[in-house]
1. With an 8 Å cut-off on Cα pairs and a minimum separation of 6 or more residues, tell me the relative contact order of the range B:10-101 in percent.
2. For the range B:107-238, what mean projected area does the convex hull of the alpha carbons give, in nm²?
3. With just the Cα atoms defining each centre, how far is the range B:156-182 from the range B:245-279? Give it in Å.
4. Quick one: if you stick a label point 7 Å off each Cα along the C-beta vector at B:A79 and B:K273, how many nm between them?
5. Pulled fully out, how much extra length does the chain show between A:Q23 and A:E332, if you take 0.36 nm times their separation in residues and subtract their Cα-Cα distance?
6. Could you work out [θ]222 nm for chain B from helices alone, using -39500 (n - 2.57) per DSSP H run of at least four and dividing by all its residues? Round to the nearest 500 deg cm²/dmol.
7. Relative contact order of chain B, please, whole-number percent, based on alpha carbon pairs below 8 angstrom and at least 6 residues apart.
8. What residues from the range B:1-30 fall in the zone where the backbone N is under 19 Å from a label point 7 Å along the Cα-to-C-beta line of A:E72?
Amino acid sequence: MEKELKILKYSDLPKMIEKFISQGYPVLAPVHKGKIVEIEYVQSLDSIALDVLLSTQSAKKAAFPKVEKVLEYTMNKAGVVQHPVDPADSKETILFGVRPCDASGFKSLDAIFGEGPSDQFYLSKKEKTTIISFSCPVADEYCFCTSVGGGPGNTAGSDLQFTSVSKDELLVEILTEKGKKASRIFADLLTEANSAIDKTKFIADVKVVFDLDSVVAKTTASFGNAELWLEQSLRCIGCGACAFVCPTCACFDFQDEQDTKKGVRLRLWDSCGFSLFTLHTSGHNPREVQSQRWRQRIMHKFAYMPEQLKVVGCEGCGRCSRACPVDMNIKEHLTAIREQVTV
Amino acid sequence: MEQQNIYQPYLMEIEKITEEAPMVKTFRLKFTNEEEGNKFSFRTGQFGEYSVFGEGEVTFCVASPHTRKGYIECTFRQAGRVTAELASLSEGDTIGFRGPYGNIFPIDDWKGKNLLFIAGGIALPPMRSVIWSCLDLRDQFKDISILYGARTVEDLVYKNELAEWKERPDVHLVTTVDPGGETPDWSGEVGFVPTILDKMIPVSENTIAIVCGPPVMIKFTFPVLEKYGFKDEQVYTTLENRMKCGLGKCGRCNVGKVFVCKDGPVFTRTQLKELPDEY
Ligand SMILES: Cc1cc2nc3c(=O)[nH]c(=O)nc-3n(C[C@H](O)[C@H](O)[C@H](O)COP(=O)(O)OP(=O)(O)OC[C@H]3O[C@@H](n4cnc5c(N)ncnc54)[C@H](O)[C@@H]3O)c2cc1C
Ligand code: SF4
Ligand code: SF4
Ligand code: FES
C-alpha cells in the first residue's frame, strides 16, 4: 500500500496506549528491569523505556518466546492422551517502541520458520503482531545497521514508524495494511503531515563500515580458515548471551517437563555457542572447540542464510557485542574478515 | 482456525519388542489412530523423531521397508537418557513418532543394477530398510550382495533375518566379526569390514554400493571401493548429526550449509566430498 504520513503529539502517546489496551490489544514494549531493558507487556506509557537506544533483549519474543509450550499430554494406564496445543492461540498484539533493526530482524525468523513445513507457533504470532517502531535519533559505536542493508530510519518490517520531528511532535508513517488498521484505533489523535517533511534530518547518521557483498563472499570462502576463527574467538567463553539477545537467532531445543500424570513439551531458545549443542551421545562432537562454534555463528548468518534463504541473518543492532561478557565485537570481526580474507 | 502443529507426534503403540543384541532392541510400532496409519507413507532412507513422553525425543531411522504398510519399526541402541527410558518400555506401551523426515535412497534409479550393501555395527537399521525394500521388489535389480560386520557374534543384529538372507539363493550374504569376536561355532568371516570387502573382489561395473557404519569403517571402506573402480556417484552413505526438529529449523544438524535433517541423511560420496569437515 502507499505510505501515509500523519502527525501525532508526544503528549497524546499515553492516550494512544490507553486506546490500544481498552480495545483489547496487549501492548509489548521495552521496559526497564534493573540494569537491563526487557520487552514486556505494559499497561500504560509510564513504564515504557522510550529513553533508551535499544532494549537489551531483542523484540523477537513477540513471536518466538524464550519458552513456549508445543505439546501437552496426560499419561494413564491405558496409554498417552495428547491435548492439542493450538499454535494459533494468541492475541492480536501491538509491539511498540522497538527500533527499525528489531522490526527488520523478523525477516530472518520469517524465512527460517516459514521455510518448508511452516512453524505456525511463530508465524501466527508474527502475523498477529503489529509493529510500531521508532526511528533512531542517535546511534552508538556498536550499531552498524547501514552496513547490513538497514538503517536508523529503515521501515522494512515495521507497520508504523514514528520519528521525532520536534520537541512535541512525532511523524507517523503508516506503512502496511496492519499499520493502517492499528492507526484507526487512534485516528482522532492524528493530524495531517506536510508531505514534504524530510525524515532524514531527524535520524542518526550511521556510517557504513564495510561492504556487505564482500563480507558475504569472504565469509562464504572462509570455512577452512581455522586461524581466522581461532583468532576471533579466543576470548569467547561460549555463554550464548549473543544468541539470546539477537533479533535473528532462531536456534531452539525441546525439553519435556512432567509430574506423574501430566506433561508438557517446551521449546526453548538455544545457542550454537554452547558446547553441548551438537554433542553426540557417543562423545563425538562435529563442532568440538569454541572457534568452530564461533565460525558457525558467523557463517550461518553471513554465508548459509544468504545462500539458502536469501536473507542476511544480521541486522547490525550490535546487541551481541553489548551483551558479551568478554567484549567480543561483531562489527570489528566482520570488518576484519573484510580486510584480512582474500578470495 | 486451528493451525497444524508440526511438532505434534503420532501416538504409536509398541506392538512387538525384539531383543537384537546386548543393549539393542527393535520396536514394531502401530499407529494408535488407524486412520493416521492408513494415510502415513514414507520412503526408505527416511528417519523420524521418536518420543518417550515426559523424557523427550530421539532420532532413529525407520528400519522397516517402505514396501510394508501398517506399521513401522525402529532398531536402537541404548545410549543415553531417552534411549534408556525407551528401552525400559514394554509391549502395549505408547510412544510418539514425528516424521518421516529427510531424503531417501533413490532405489527407483537403481533398477537394473547390482546392489552391494556394506554395513557395520548398529548401522544395519537404515540398511535393513533399504535391503528389504529392494528384496520386496527383487526382480527390479540384478545381483544383491550384503556385507555385514559387527564387533562380536553377539553384537550382530537381526540374527533371524541374517539367517533368512543366508538361505536365499538370490542374496549373497557375507557376515564378519572383528578378530577376537568370533565364537567356536562361528561360520562367517573374521576380520574388519574393509579387509573382507577386499577379499570379496567387488565388481563396480553397473553396481551401486551403499555403505553405513561407524566413521572409521567408512573411512577405510571407501578406498577399497575406489580400488575396485567404484566412482563417487556409485557410492551412497548416510550421515548422523545431533538433531532436535528434523525440519531444518532448530539449527544444529548442519554440515556447512547443508542440513542433514532435510538435505540428508542420504548422501552420495560425490556430495560428501563437497561437504566441509563438520560431521
Ligand atoms: C538420522 C539419524 C538416524 C539415526 N538412526 C539411529 C538408529 O536407527 N538407531 C540408533 O540406535 N541410533 C540412531 N541414531 C543415533 C541416535 O539418535 C542417538 O543414539 C540417540 O539420539 C541418543 O539419545 P539418548 O537420549 O539416549 O542420548 P543422550 O545423550 O541422553 O541424548 C541427549 C540428546 O542428544 C541427542 N543426540 C545425541 N546423540 C545424537 C546423535 N548421534 N544423533 C542425533 N541425536 C543425538 C538426543 O536426541 C537427545 O536429544 C540416529 C541418528 C541420526 C541423526
Ligand atoms: S556472548 Fe560473547 S562469550 Fe558469550 S558466546 Fe557470544 S561471543 Fe562468546
Ligand atoms: S548478530 Fe549481533 S549485531 Fe547482528 S543482529 Fe544479532 S545481535 Fe544484532
Ligand atoms: S534437526 Fe533441527 S535443523 Fe536439522
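The values are calculated or read from the model by the stated rules, or taken from the named source; none is laboratory data. The structure displayed is predicted, hence computed values, not measured ones. Please note: Cβ atoms are built from the backbone with ideal geometry, for glycine as well, and neighbour counts cover all protein chains shown. Accessible surface areas use protein heavy atoms only, side chains included; no ligands, DNA or RNA. Shrake-Rupley method; radii C 1.70, N 1.55, O 1.52, S 1.80 Å.
1. On the way: 181 pairs, mean separation 35.4, N = 92.
That works out to 38 percent.
2. Numbers: hull surface 29.6 nm².
One quarter of the hull surface, i.e. the mean projection, equals 7.4 nm².
3. Cα centres, the range B:156-182 to the range B:245-279: 31 Å.
4. 2.8
5. Here the answer is 106.7 nm.
6. My calculation for chain B gives -6500 deg cm²/dmol from helical runs alone.
7. Details: 555 pairs, mean separation 47.9, N = 279.
RCO, chain B: 17 percent.
8. B:1-11
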